[in-house]
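Structure first, then comments.
The values are calculated or read from the model by the stated rules, or taken from the named source; none is laboratory data. Everything quoted here is computed from the prediction, not taken from an experiment. Using ideal geometry, Cβ is built from the backbone for each residue, glycine included, and neighbour counts are taken over all protein chains shown.
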Amino acid sequence: MVEKIHIKDKDVIVPGTLLAEGLEYLPSGKAFRDGENIYSSTVGLISVKGRVIKVIPLAGKYAPKRGDVIIAKINGFGKFGWTCEIESPYKIDLNVGEISMNYVDLKNSKLADYFKISDYVFGEILDISESGYISLTAKRMPYRKLVGGNVIKVSPVKIPRIIGKQGSMIKILKDSSNCEILVGQNGLVWIKGNAENEAKVANAIKLIEQESHHSGLTEKVKAMLEGK
Amino acid sequence: MLKQYFIELLEKDKREDGRKPFEYRDVSVETGVIARANGSARVKIGNTEVLVGVKLDVGTPFPDGPESGILMVNAELLPLANPNFEFGPPSKDSVELSRVIDRGIRECHAIDLDKLCIKAKEKVWMVFVDIYPINDDGNLLDAGALGAIAALKTTVLPKYDEKEEKVIHKELTKTKLPLVHSPVMTTFGKIGNNKFADSTMREEKAIETRLSIVTTEDGNVSAMQKGGAGMFTADDVIELIEKSAELGKKLRKLVPSK
Amino acid sequence: MGGVGGPEKLIVNGKRLDGRKLNEMREMEIKVGVIPNADGSAMVTLGETKVICAVYGPKEVLPRRNLDSEKAFLNCVYGMASFSTSERNRPGPSRRSTEISKVIADALAPAIFMEKYAGLEITVIMEIINANAGTRTAAINAASVALADAGIEMRDLVCSVASGKADGQLMLDLFEPEDNFGEVDMPLAILPNTKQITLLQMDGMLTKAEAKKLIEMSMKACEQIYELQKKALKEKYGSEKESE
């Protein structure tokens, strides 16, 4: 059995690229095994750690996972709660029992008293059942309805860059703009401050999205935030 | 929520991307981009991109214009440019887009249609202007209109075989389409009491009403169209006509001159 | 095919009317990410043929009757812009474009992990901007790259080229006069890493030996196309660093 690895750490590869041959290698992320070989299923960045070959996808829509922190938009009422959209083709449910630590009495109030259509919610993916039923929770802090502010959409793949290493980038955005900023792993970002600062942050985030793979990004972002 | 955000910015004379209210995004016009077309243009306004192609053919004139050529303007809003567009028969938006751009060219008689007669009552040139948005980031109207005029300005007639009575599409003459005016469209949006030009897709979501104005090179108005359910005052309109002539002048410089 | 009129000879002194050798493809250019609104997009130029492709998905299936609970609903739509042909082409689908849309979907589906998108839709819109033969092959090359740009999980990219016969000679990537007045046109598409064929159409008459030769010729050309597709994707995504 020939053991061969065809790529190295930090390589950028296209779908179908042969990454390695041999059963001792383990595929992770968007790498898959076919027979004895490991291939990539998306455009991605290679990460090799020992025998594990991981493909970090560089493109693609958000796929919800339990525990993900997201920003959802209410788009309908159900019997026991609301339905939401999260920039992903999957349907998400927000149950009336997951919006507050206190009991919500629907006999003396109605769903629209709490959330209306087009309201944004900051929450966490609670559960994904086998049948594809996805539920959201927003009852514990800091999860809540988002009031006011501005929601912008970015590629979910860029979210780690917007947060930065240990939150370094998002700190720069917050400090220089006096805005509240919440980032959803599904690619939605909520910004609240005065309109001018909100626009400044939105533009800085667009810059990060476009220039994420160029060096000197932090400097460019700082310059943009100071300039405008 | 979005409306309030834009109103707050506009009251400070600002737009989300840092532009002033009556400032256009970066505009570029390229002509001769489609080999098969008799005239073509590619217009970019910010991230909005539109392709326009002009195709000529020969047909029978309309009974009310037996010695006039025919102009047909059509916009195809494919889901390519915007996932909210749908396949199928033309939507209200695509019909309005086509007709408003058509009006802008037709009303000022930009094309001298009388020069397009081959044989009175029997054969005239038909000019088809087809507008294809490639990416919609707002203001398809101005991009489409600018592309249309740029494409028309560079349109060359194909050969017409009088004996066989058919067009030889692959052979071109040196005759340019007879264009006598350069109408340019500028579209203004209104949110609250604030007016601005060249809206992005996000701004279009918040706009209550819009006004498209077409001006010719002599500063005259040749077409107007109000869209959306909001309202304009008479002062608004006069102000915007003035702005349209100003902005139109700048945009016109991007269109190749004779 | 084999129409009336047309040039007397399609091959003069071993060279084709546009100067190419028999087994030479036209120049191909690929650009990724040309439509910001789309989830994935690409533009491909093959000689004078130009096609632009947008991919939207995965997304909710509408209308619901298209929903397939076992695999993706791959909605491919091939169209020709009215100004893309010599004589103006009336906008909207035709029988020809409907058939081409279907064979393109059949060419792309084997590459996509269709089961991973069960109950969802992937829309692929390909619009020919300028036509000079080879439109469906250029469209497939564009679609494959646009799908990768959208992050749709695939086993492999898809490469496509047409070959055929004109003036009795076997040749690669027929352009318009050859397509109109030649004897055989055979578009083909493959998954480049396993060399499996996902599109094959042919009209005209070929001997078995000729058919074999054409398939080999096309497969070889697909190797070049694969390199161009990789290069185009790496141009957009290359030099990504995990963090600064």
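Taking B:Arg202 as meeting all but one of (1) over 30 Å from C:Gly92 (Cβ atoms); (2) in contact with a Ser or Thr (Cβ under 6 Å, 6 or more places away or on another chain); (3) assigned to a helix (DSSP H, G or I), write down the number of the exception.
(2)
Considering only residues that are more than 13 Å from every other protein chain (Cβ to nearest Cβ) and among the hydrophobic types (A, V, I, L, M, F, W, C), which ones fall in segment A:17-31?
Within segment A:17-31, A:Ala20, A:Leu23, A:Leu26 qualify.
Spot the failing condition for B:Glu8; the list is (1) more than 14 Å from chain C (Cβ to nearest Cβ); (2) in a strand (DSSP E or B), and only one is missed.
If we test B:Glu8 against (1) more than 14 Å from chain C (Cβ to nearest Cβ); (2) in a strand (DSSP E or B), just (2) comes out false.
Just a yes or no: is a residue in segment B:213-230 at pLDDT 90 or above and part of a helix (DSSP H, G or I)?
No; the residues of segment B:213-230 include none that is at pLDDT 90 or above and part of a helix (DSSP H, G or I).
Considering only segment B:34-58, state which residues are more than 7 Å from every other protein chain (Cβ to nearest Cβ), over 13 Å from the mean Cα position of the chain (by Cα) and part of a strand (DSSP E or B).
Once the filter is applied, which keeps residues that are more than 7 Å from every other protein chain (Cβ to nearest Cβ), over 13 Å from the mean Cα position of the chain (by Cα) and part of a strand (DSSP E or B), segment B:34-58 yields B:Gly39, B:Thr48, B:Leu56, B:Val58.
Among residues belonging to segment C:45-54 that are surrounded by 24 or more Cβ atoms within 10 Å (Cβ to Cβ) and out of contact with any Leu (no Cβ under 9 Å at 6 or more places or on another chain), point out the one that is farthest from C:Phe83 (Cα to Cα).
By that ranking, first place goes to C:Leu46.
Collect the residues in segment A:1-16 that are within 12 Å of chain C (Cβ to nearest Cβ) and not in a loop (DSSP other than H, G, I, E, B), keeping them in residue-number order.
The answer is A:Val12, A:Ile13.
Just to be sure I understand, how many residues within segment B:85-107 are closer than 19 Å to B:Arg210 by Cα and outside any helix (DSSP H, G or I)?
Residues meeting the conditions: 1.
Could you tell me which of the residues A:Asp113, A:Asp119 is under 24 Å from B:Leu9 (Cβ atoms) and in the same structural domain as A:Phe80 (by TED's automatic domain parsing)?
A:Asp119
Could you list all residues from segment C:57-105 that are polar (S, T, N, Q), farther than 28 Å from A:Gly16 by Cα and touching a Ser or Thr at 6+ places or on another chain (Cβ under 7 Å)?
Of everything in segment C:57-105, just one residue is polar (S, T, N, Q), farther than 28 Å from A:Gly16 by Cα and touching a Ser or Thr at 6+ places or on another chain (Cβ under 7 Å), namely C:Asn89.
Report yes if some residue within segment A:77-97 is part of a helix (DSSP H, G or I) and either free of Cβ contacts under 8 Å to residues at least 40 places away in the same chain or assigned by TED's automatic domain parsing to the domain that holds A:Ser131 (or both); otherwise report no.
yes
Residue check: is A:Gly216 among the small types (Gly, Ala, Ser), farther than 29 Å from A:Gly67 by Cα and exposed (fewer than 15 other Cβ atoms within 10 Å of the Cβ)?
Yes.
Okay, residues lined up against (1) at the interface with another protein chain (Cβ under 10 Å from one of its Cβ atoms); (2) under 27 Å from C:Thr194 (Cβ atoms); (3) under 20 Å from the mean Cα position of the chain (by Cα); (4) surrounded by fewer than 21 Cβ atoms within 10 Å (Cβ to Cβ):
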residue: C:Asp18; (1), (2), (3), (4): no, no, no, yes
residue: C:Ala38; (1), (2), (3), (4): yes, no, yes, no
residue: C:Arg88; (1), (2), (3), (4): yes, no, no, no
residue: C:Pro93; (1), (2), (3), (4): yes, no, yes, yes
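Within the bounds of segment B:126-147, is there any residue that is surrounded by fewer than 20 Cβ atoms within 10 Å (Cβ to Cβ) and either among the hydrophobic types (A, V, I, L, M, F, W, C) or closer than 17 Å to B:Val50 by Cβ (or both)?
yes
Identify, by number, the condition in (1) touching a Ser or Thr at 6+ places or on another chain (Cβ under 7 Å); (2) free of Cβ contacts under 8 Å to residues at least 60 places away in the same chain; (3) among the polar types (S, T, N, Q) that C:Asn13 doesn't meet.
(1)
Return yes or no: is A:Lys61 charged (D, E, K, R), surrounded by 20 or more Cβ atoms within 10 Å (Cβ to Cβ) and either within 14 Å of chain C (Cβ to nearest Cβ) or not in a strand (DSSP E or B) (or both)?
Judged against the criteria, A:Lys61 is a match.
Scan (1) more than 17 Å from the chain's Cα centre (by Cα); (2) surrounded by fewer than 17 Cβ atoms within 10 Å (Cβ to Cβ); (3) more than 11 Å from every other protein chain (Cβ to nearest Cβ) for the single condition A:Val96 breaks and write down its number.
(2)
Give me the pairs: first residue in segment C:192-210 and under 17 Å from C:Asp167 (Cα atoms), second residue in a loop (DSSP other than H, G, I, E, B), beta-carbon distance under 8 Å, and six or more apart or on different chains, which are they?
Here the result reads C:Asp203/C:Met1; C:Gly204/C:Met1; C:Gly204/C:Gly182; C:Gly204/C:Glu183; C:Met205/C:Glu183, each pair linking segment C:192-210 to a residue that is in a loop (DSSP other than H, G, I, E, B).
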